[in-house]
Amino acid sequence: MIGLKDVNKSFTTAAGLLPILKGINVEIGKGEFVALTGPSGSGKSTLMSIVGCLEPPTTGKVYVEGVELSSLSDNEQAELRSRAIGFVFQAFHLIQSLSLEENVEVPLFYAGVPRKDRRKRAREALARVGLSGRTTHKPYELSGGEQQRASIARALIREPGVILADEPTGNLDSKTCEQIMAILEGVRKEGKTILIVTHDQSIAARASRQIRLNDGVIASDSQQVLTCATAGSSGSAESIVPRQAEF
Ligand code: ADP
Ligand code: MG
């Protein structure tokens with residue numbers, strides 16, 4: 001479903017080239033619920049951006065639905081991203097001047113779905129996250145938990161196979177956090193793949209697999225414990241990736 005092979009990412013800074021991700025090899029299969037943890041600055045958000053085709057790796061290969069991204073044109077990459085991947089961010093990233101249903105419709109607008117269908121599907125998506133009564137409200141009229149549920153509805157609206165959530169409960173109280181986790185767990189039961197960045201060990205413990213990043217390398221992967229002794233070294237992907245078949 002998702003694969004990174006020998007991925008490195010560096011940023012150019014005033015001080016020179018700054019390596020952020022170093023030799024990342026990972027495969028995530030359909031239906032996995034993966035928690036990505038690690039200290040602040042370890043490269044978690046950078047990894048999410050690369051998995052989500054928001055930015056390319058400096059070197060290495062990224063696979064989504066078995067397709068190697070650099071083999072696609074920019075337009076094809078954008079189309080794959082918007083169809084196959086839904087994003088949920090800590091800060092919600094809802095457009096304040098639009099109602100919730102209009103926010104949730106945005107991906108359908110770009111997909112060329114007619115207005116009437118868009119509205120119907122947006123309302124269904126909002127109902128799915130328990131927000132039927134809030135469809136015409138603006139984001140600033142809602143609590144953080146409601147805004148995050150709306151952003152999940154937006155992420156799900158095109159039925160992507162993969163949901164990437166970067167600290168989705170980071171700003172929320174524990175009761176609201178539980179609601180968000182229950183929704184994500186429901187989404188996973190539908191067979192979707194979920195990759196969630198979290199600092200909260202109790203959330204990470206609910207995932208089917210935990211991957212820990214440290215200083216740009218995979219320090220541990222609960223599914224690769226036996227085979228991953230060389231993670232972060234320059235060993236070939238084949239020697240440490242256990243399940244080739246799932247691409
Ligand atoms: P995390 O999400 O684990 O906290 P990030 O992936 O956001 O970490 O960032 C990892 C490191 O990369 C940080 O030191 C950050 O300052 C640096 N970084 C991220 N994006 C850029 C960028 N566009 N230019 C330069 N440095 C960046
Ligand atoms: Mg981050």
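Where in segment 4-121 are there helices (runs of 4 or more DSSP H), lying fully within it, with 1 or more residues that are surrounded by fewer than 19 Cβ atoms within 10 Å (Cβ to Cβ) and within 16 Å of ligand 2 (Cβ to nearest atom)?
44-51
Can you find a residue that is of a type outside the set (S, T, N, Q), touching a Ser or Thr at 6+ places or on another chain (Cβ under 7 Å) and within 16 Å of ligand 1 (Cβ to nearest atom) anywhere in segment 41-55?
yes
Here is a yes/no grid of residues against (1) within 16 Å of ligand 1 (Cβ to nearest atom); (2) among the charged types (D, E, K, R); (3) touching a Pro at 6+ places or on another chain (Cβ under 8 Å):
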{"position": "Pro57", "(1), (2), (3)": "yes, no, no"}
{"position": "Lys61", "(1), (2), (3)": "no, yes, no"}
{"position": "Gly66", "(1), (2), (3)": "no, no, no"}
{"position": "Leu94", "(1), (2), (3)": "no, no, yes"}
{"position": "Glu105", "(1), (2), (3)": "no, yes, no"}
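The rows are residues; the columns are (1) touching a Gly at 6+ places or on another chain (Cβ under 9 Å); (2) in a loop (DSSP other than H, G, I, E, B); (3) closer than 25 Å to Ser42 by Cα; (4) open to solvent by 30 Å² or more (accessible area, probe 1.4 Å).
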residue: Tyr140; (1), (2), (3), (4): no, no, no, yes
residue: Pro160; (1), (2), (3), (4): yes, yes, no, no
residue: Leu164; (1), (2), (3), (4): yes, no, yes, no
residue: Met181; (1), (2), (3), (4): no, no, yes, no
residue: Leu184; (1), (2), (3), (4): no, no, yes, no
residue: Arg188; (1), (2), (3), (4): yes, no, no, yes
residue: Ala207; (1), (2), (3), (4): no, yes, yes, no
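The values are calculated or read from the model by the stated rules, or taken from the named source; none is laboratory data. Not measured: the values here are computed from a predicted model. Note that we place each Cβ from the backbone using ideal geometry, even for glycine, and neighbour counts take in every protein chain shown. Note: areas computed on protein heavy atoms with side chains; ligands, DNA, RNA excluded. Shrake-Rupley method; radii C 1.70, N 1.55, O 1.52, S 1.80 Å.
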